[in-house]
Amino acid sequence: GENVEQHPSTLSVQEGDSAVIKCTYSDSASNYFPWYKQELGKRPQLIIDIRSNVGEKKDQRIAVTLNKTAKHFSLHITETQPEDSAVYFCAASKGGYQKVTFGTGTKLQVIP
Amino acid sequence: NAGVMQNPRHLVRRRGQEARLRCSPMKGHSHVYWYRQLPEEGLKFMVYLQKENIIDESGMPKERFSAEFPKEGPSILRIQQVVRGDSAAYFCASSHGQGSDTQYFGPGTRLTVL
């Protein structure tokens, strides 16, 4: 089955700096890659996703890049703010009647 | 437009009792997924259901756990004879279509086994 690895497990950045979280996946048939943000005690919430027919997608301060050849994808957060502090999960899916496989999460701390 | 609903939000059970967790998907969604999350850990897939069908239960423990998503009503995750190790947050998510459709999560049920 699909295996998703996520790094780093924890990340501390100064407010205003950029944060990058990286994920790799094992199944070349995967074609959908969402990212979720989970604040303490809350539900995971989708923040951005990318499909395999594009290499990059941006939404304000958040961007995701996908390298299908290398089977890795990354989340980039620019101009970080304290409210960006949370756990971020990457995920991958092959579509069809296939489950979504989640990474192990990255705990991001933005220091004011 | 109500999101994914879960109830109860908090559930306390004594060892040996049964726990029933309910999930109502978003309107128009026919696919439901259940995940378990231990404190400070990631989301562990348990089961993927479509109305009246179990699509993938590869993450479900073989004993004591079962799930259903009937034609009418919410999806139910049932844990029989709970043990302390079952204490966790249980999230369900729903999607409109198949695996590559966006999943939206409910608020979770926090199960505590005494």
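The values are calculated or read from the model by the stated rules, or taken from the named source; none is laboratory data. Since this is a predicted model, take the numbers as computed values, not measurements. With ideal geometry, Cβ positions are generated from the backbone for all residues, glycine too; neighbour counts draw on all protein chains shown. Heavy atoms of the whole protein, side chains included, go into the accessibility calculation; ligands, DNA and RNA do not. Shrake-Rupley method; radii C 1.70, N 1.55, O 1.52, S 1.80 Å.
Can you work out the accessible area per residue across chain A, with the rest of the protein chains kept in place, probe 1.4 Å, in square angstrom?
Per-residue value: 51 Å².
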#### Entry: Cut-off 11 Å (backbone N to label point 7 Å along Cα→Cβ of residue A:2), residues of region A:11-44
A:25-35
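Taking only protein heavy atoms and a 1.4 Å probe, what accessible area per residue, in Å², does chain B have with all protein chains in place? Before the final figure, lay out each step's value.
Values: 5690 Å² over 114 residues.
Result: 50 Å² per residue.
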#### Entry: 3J(HN,Hα) from dihedral phi, region A:77-82, Karplus parametrisation 6.51/-1.76/1.60, rounded to Hz, x for glycine, proline
10, 9, 6, 4, 10, x
### Accessible surface buried once A binds B (1.4 Å probe; total of both sides; Å²)
1900
### Virtual spin-label span in nm between residue B:110 and residue A:14, 7 Å along Cα→Cβ
3.5
### Task
Enter the mean number of other protein chain beta carbons within 10 Å of the beta carbon of each residue in B:43-51, as an integer.
3
#### Entry: Modelled label reach - residue A:109, point 7 Å along Cα→Cβ, region A:13-40 residues with backbone N closer than 14 Å
A:13-15
### Pairwise label distance in nanometres, residue A:42 with residue A:29, each label 7 Å out on the Cα-Cβ vector
3.6
### Query
What part of the accessible area of region A:26-84, given as a whole %, is carbon or sulfur when the probe is 1.4 angstrom?
44
### Integer Hz, Karplus 6.51/-1.76/1.60 couplings in order for region B:42-48, x for Gly and Pro
x, 8, 9, 4, 10, 7, 10
### Radius of gyration and Dmax over the Cα atoms of the protein assembly as shown, both given in Å
17.6, 51
### Debye, to nearest 20: dipole size of region B:13-98, +1 on Lys, Arg Cβ, -1 on Asp, Glu Cβ
340
### Query
What are the residues whose amide H is under 5 Å from the amide H of residue A:50, where those residues sit 5 or more places off or on another chain and H is modelled from the backbone?
A:33
## Note on the structure
A correct Karplus calculation of ³J(HN,Hα) over region B:84-89, with 6.51 cos²θ - 1.76 cosθ + 1.60, θ = phi - 60°, whole Hz and x for Gly and Pro, returns 4, x, 7, 4, 4, 9
### Query
Using the alpha-carbon centroid of each, what span in Å lies between region A:24-44 and region B:55-114?
18
